[in-house]
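Down below is the structure, laid out as structure tokens.
The values are calculated or read from the model by the stated rules, or taken from the named source; none is laboratory data. On a predicted model such as this, the values are computed, not experimentally measured, just so you know. All Cβ positions, glycine included, derive from the backbone under ideal geometry; neighbour counts span all protein chains shown. Just so you know, the surface numbers come from the protein's heavy atoms only, side chains and all, with ligands and any DNA or RNA stripped out. Shrake-Rupley method; radii C 1.70, N 1.55, O 1.52, S 1.80 Å.
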Amino acid sequence: MPAPSTPHLAEPTVVAPGEGELRWYRDRLVDLRLTGAATGDRVSVVEIEMPAGASTPLHRQPYDDETLYVIEGSVVVHLDGTDRSVGAGGLVFIPRETPHALLSVEGCRLIVFGQPAGQERYFRALSVPAPARELPPPATGEPHPAAAIAMQQTAFLNGVELLGDAPFAATAA
């Protein structure tokens, strides 16, 4: 009989500036600041820098609530069919199961709080380590059609259900 698994315990944690895990995800820089490994899977904190025009596909998280805090710049948040502009200092709460998408109106930085933790697994699975604290170089060419299927499956396996293209009129990938 296998031994029972030990629950992951939360540890008091301080993450100083520059101590996160930098990743290039699509056209943005993602900093995994606080992960479930340190919080007993209670919360994750991810900082994201998006260039102007960047958007997310329409998606939802079936298992976690998401809170966004806009540090600088502004975004349009599509929540369950309604678009809202959110500038620096603004907060957005997105309950689990709520379809949503983001559009960076101008370059922006935001913090994403996920409860419970898990969003870091999604970002880690679909990104590569960033060599420096800078946005990735622009994409060259179109991705292979199989890449969309792989992204859909990888996202689903990591707690994100992709529902379709960004619902904004003219967006960048």
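Considering each residue of the stretch 123-131 in turn, at least one proves to be farther than 20 Å from residue 61 by Cβ, touching a residue at least 60 places away in the same chain (Cβ under 8 Å) and of a type in the set (A, V, I, L, M).
All of (1) surrounded by 18 or more Cβ atoms within 10 Å (Cβ to Cβ); (2) touching a strand residue (DSSP E or B) at 6+ places or on another chain (Cβ under 6 Å); (3) under 25 Å from residue 62 (Cα atoms) hold for residue 84 with one exception: (1). For the stretch 65-97, a tally of residues being among the charged types (D, E, K, R), within 21 Å of residue 34 (Cβ to Cβ) and either touching a Phe, Trp or Tyr at 6+ places or on another chain (Cβ under 9 Å) or at pLDDT below 95 (or both) returns 3.
Scanning the stretch 4-20 turns up no residue that is surrounded by fewer than 19 Cβ atoms within 10 Å (Cβ to Cβ), closer than 30 Å to residue 142 by Cα and either at pLDDT below 95 or among the acidic types (Asp, Glu) (or both).
Filtered by the rule that a residue be surrounded by fewer than 16 Cβ atoms within 10 Å (Cβ to Cβ), in a strand (DSSP E or B) and modelled with pLDDT of 95 or more, the stretch 98-133 gives no residues.
Restricting the first member to the stretch 28-39 and to residues that are open to solvent by 30 Å² or more (accessible area, probe 1.4 Å) and in a strand (DSSP E or B), and the second to residues that are modelled with pLDDT under 95 and of a type in the set (A, V, I, L, M), the beta-carbon pairs closer than 6 Å and six or more apart or on different chains are 33/15; 34/15. Any residue in the stretch 10-21 that is closer than 23 Å to residue 160 by Cβ and under 14 Å from the mean Cα position of the chain (by Cα)? Within the stretch 10-21, one or more residues are closer than 23 Å to residue 160 by Cβ and under 14 Å from the mean Cα position of the chain (by Cα). Of all residues in the stretch 87-97, those that are outside any loop (DSSP other than H, G, I, E, B) and open to solvent by less than 60 Å² (accessible area, probe 1.4 Å) total 3. Within the stretch 134-159, the set of residues being part of a loop (DSSP other than H, G, I, E, B) and over 17 Å from the mean Cα position of the chain (by Cα) comprises 137, 138, 139, 140, 141, 142, 143, 144. Taking every residue in the stretch 77-89 that is at positive phi and pairing it with any residue that is assigned to a loop (DSSP other than H, G, I, E, B) and of a type outside the set (A, V, I, L, M), at least 6 positions away or on another chain, the pairs with Cβ-Cβ distances below 8 Å are 80/98; 80/99; 81/99. The set of residues from the stretch 52-80 being in a loop (DSSP other than H, G, I, E, B), within 18 Å of residue 163 (Cβ to Cβ) and either open to solvent by 60 Å² or more (accessible area, probe 1.4 Å) or among the β-branched types (Val, Ile, Thr) (or both) comprises 56, 63, 80.
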